[in-house]
Amino acid sequence: MPTRKCQPRIPKKIGSQNEQKFGHFRNKADLLEALLERTRLPLEELIGAFVDPLAPDPLAAMQRAILVCLHDAQCDARRRRVFEIVFNRCELVDEMASVAGRMRECAREGLVNLERGLMNAQRRDQLPQTLDVRLAPRCCTPRSQG
């Protein structure tokens, strides 16, 4: 994890030209939480399209959201750098406990959203009623997280 001395290098690492806008964070945890929020916000609309009980085609919306996530993880350099920093370059201890908690909460939220999407697909007869919508997302996510 970057120390306070190398905190000014973080904007350059994630592709930002403006180091000044990163000076207002109180600590590394605040900075990382802002980076995570920035990567999550564009997905909100995609997720909403399959968790909405009135979604006309929740399975297609879920597929689109998953494909966009996978595509962005591979092709969006800025998002990839943020994930690299968060998942590979920082120890989530001490002052970073809030970031670790947020990551766990996002993972839980993701499972709940997948469950809702699968339930919506069942209601629309896109999936069999025998599908365990609580278990299915838990079986898939370890494969996507490595």
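Listing for the model above:
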quantity	calculated
Count - residues of segment 15-59 that are at pLDDT below 55 and surrounded by 13 or more Cβ atoms within 10 Å (Cβ to Cβ)	2
Test: residue in segment 67-76 that is at pLDDT 80 or above and outside any helix (DSSP H, G or I)	yes
Filter result (in contact (Cβ under 8 Å) with a residue 60 or more places away in the chain and over 16 Å from L35 (Cβ atoms)) within segment 98-117	N113, R116, G117
Per-region count, segment 24-65, residues part of a helix (DSSP H, G or I), more than 16 Å from N120 (Cα to Cα) and out of contact with any Cys (no Cβ under 8 Å at 6 or more places or on another chain)	13
Selected residue (criterion: modelled with the highest pLDDT) from residues of segment 82-114 that are closer than 17 Å to D30 by Cα and of a type in the set (K, R)	R104
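The values are calculated or read from the model by the stated rules, or taken from the named source; none is laboratory data. These numbers come from a predicted model, not from an experiment. Cβ atoms come from the backbone with ideal geometry, glycine included; neighbour counts cover every protein chain shown.
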